[in-house]
Amino acid sequence: MGKTHDRKADALARIFGTEHNRKGVDIKTRDKAIEVAVKNDDIKKSIKQLNMSRKPKKYLAVPPKKVNFAKKVTQNTGIGVMSTTSNIRKRARN
């Protein structure tokens with residue numbers, strides 16, 4: 001992706017006590033799959049990436065300015081939205 005994406009994904013991985021995966025979903029925990037997206041085009045691609053994950057909770061992590069757009073795009077998908085600082089803005093459906 002890009003430097004900004006990698007920086008935010010690395011920081012978020014540290015918060016969750018795991019590592020940033022370079023292939024597949026960016027961050028995986030025991031029950032969550034988290035995909036980091038910093039641009040509008042990345043948000044749409046990230047939804048497809050999350051849909052391939054088997055984790056029960058799927059989240060899209062976006063910068064604060066993109067939260068409203070991400071909420072709109074993920075409506076009725078079961079995918080939650082969080083800021084890149086791990087504040088959940090829309091809960092994921094199990």
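Computed from the coordinates by the stated procedures, all read-outs in this text should not be read as laboratory data. Small disclaimer: the values here were computed from a predicted structure and weren't measured. Cβ atoms come from the backbone with ideal geometry, glycine included; neighbour counts cover every protein chain shown.
Here are the numbers for the structure shown:
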quantity	calculated
Computed helical MRE - 222 nm, the chain, DSSP H runs ≥ 4 contributing -39500 (n - 2.57), nearest 500	-10500 deg cm²/dmol
Cα centre as origin, Lys/Arg/Asp/Glu Cβ charges: the chain dipole, Debye	280 debye
Over the chain, relative contact order from alpha-carbon pairs under 8 Å, at least 6 apart, %	22 percent
Given charges at Cβ of Lys, Arg, Asp, Glu: the chain dipole, positive-most of 94, 16, 4	94
Rounded if a/c under 1.5, otherwise prolate or oblate - the stretch 1-80, Cα gyration tensor axes	oblate
